[in-house]
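Single-structure report; data block below.
The values are calculated or read from the model by the stated rules, or taken from the named source; none is laboratory data. Everything quoted here is computed from the prediction, not taken from an experiment. Here the Cβ is made from the backbone with ideal geometry for all residues, glycine too, and neighbour counts use every protein chain on show. Remember, those area values only see protein heavy atoms, side chains included, never the ligands or the DNA or RNA. Shrake-Rupley method; radii C 1.70, N 1.55, O 1.52, S 1.80 Å.
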Amino acid sequence: MKIGRNDPCFCGSGKKYKKCCIDKDMTFTDSAKFTNLKKADPAFTPRSHYIGRISELNARLEAEAHSEELDAELMTLAGDLLDDLENARLHAFTRYGEGFRPAERRLLQELANRVWGGLVLGGFQEQDVLRPLLAFAAQALLQGIGEESRVSGATLVADRDANLLRWELTSAGDEPEGFGLTLESEDE
């Protein structure tokens, strides 16, 4: 895939490539996994792939008791996300189809880090965050997080059983570095 100087930037910023990422040293690593998925299903895109995985794991997390199998699948998701983010496979426009805009990639990075932190590092305060975080990620990615305002994070409101009740995006004036998450509890 060759990008022209006047084409929209592949990162999804909405700027022209020449005004955005032309000077950045981006290394794109091909993905045998994505190539095989695209061969099996011509409609495959990284966006639909990850939204489907996150939505499925969210439904299982809401319906099932905590299990080693579910933990293993969450860890696989986190590892895959971190690998694909690091190798620039999830940018807005990829050779495999539609990816994610910058705020959505920051959300995916935060999701992967929180899953990793909760399951590997044993920070089980983090595990209490996983249910509302996965529910939020599934909803927000399905809706799409636009770049009109600089989205810097979200405030999630959950009940005492860690069920997501509502969420609100937060914005910052400058280009945000990460994706901040605040979890608030609402007593019934």
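Any idea how many residues of region 129-163 are touching a residue at least 24 places away in the same chain (Cβ under 8 Å) and closer than 26 Å to residue 92 by Cβ?
The qualifying residues number 21.
Is it true that residue 115 is open to solvent by 20 Å² or more (accessible area, probe 1.4 Å), at pLDDT below 90 and among the β-branched types (Val, Ile, Thr)?
no
Please go through (1) touching a helix residue (DSSP H, G or I) at 6+ places or on another chain (Cβ under 9 Å); (2) at pLDDT below 80 for residue 144 and return the number of the only condition it doesn't satisfy.
With (1) touching a helix residue (DSSP H, G or I) at 6+ places or on another chain (Cβ under 9 Å); (2) at pLDDT below 80 applied to residue 144, the lone miss is (2).
Look at residue 103 and say whether it is of a type in the set (A, V, I, L, M, F, W, C) and at pLDDT below 80.
For residue 103, the condition - of a type in the set (A, V, I, L, M, F, W, C) and at pLDDT below 80 - is not met.
Among the candidates 4, 12, which residue alone is crowded, with 16+ Cβ neighbours inside 10 Å and either at pLDDT below 80 or not in a loop (DSSP other than H, G, I, E, B) (or both)?
Result of the check over 4, 12: 12.
So which of 88, 40 is touching a residue at least 12 places away in the same chain (Cβ under 8 Å) and over 19 Å from residue 153 (Cα atoms)?
Only one candidate qualifies: 88.
Given the options 81, 107, name the one that is part of a helix (DSSP H, G or I), touching a Phe, Trp or Tyr at 6+ places or on another chain (Cβ under 6 Å) and closer than 17 Å to residue 48 by Cα.
None of the others qualify; the one that does is 107.
I'm trying to understand the selection: among the residues of region 162-180, which are modelled with pLDDT of 85 or more, out of contact with any helix residue (DSSP H, G or I) (no Cβ under 6 Å at 6 or more places or on another chain) and either of a type in the set (D, E, K, R) or closer than 21 Å to residue 144 by Cβ (or both)?
166, 168, 169, 170, 180
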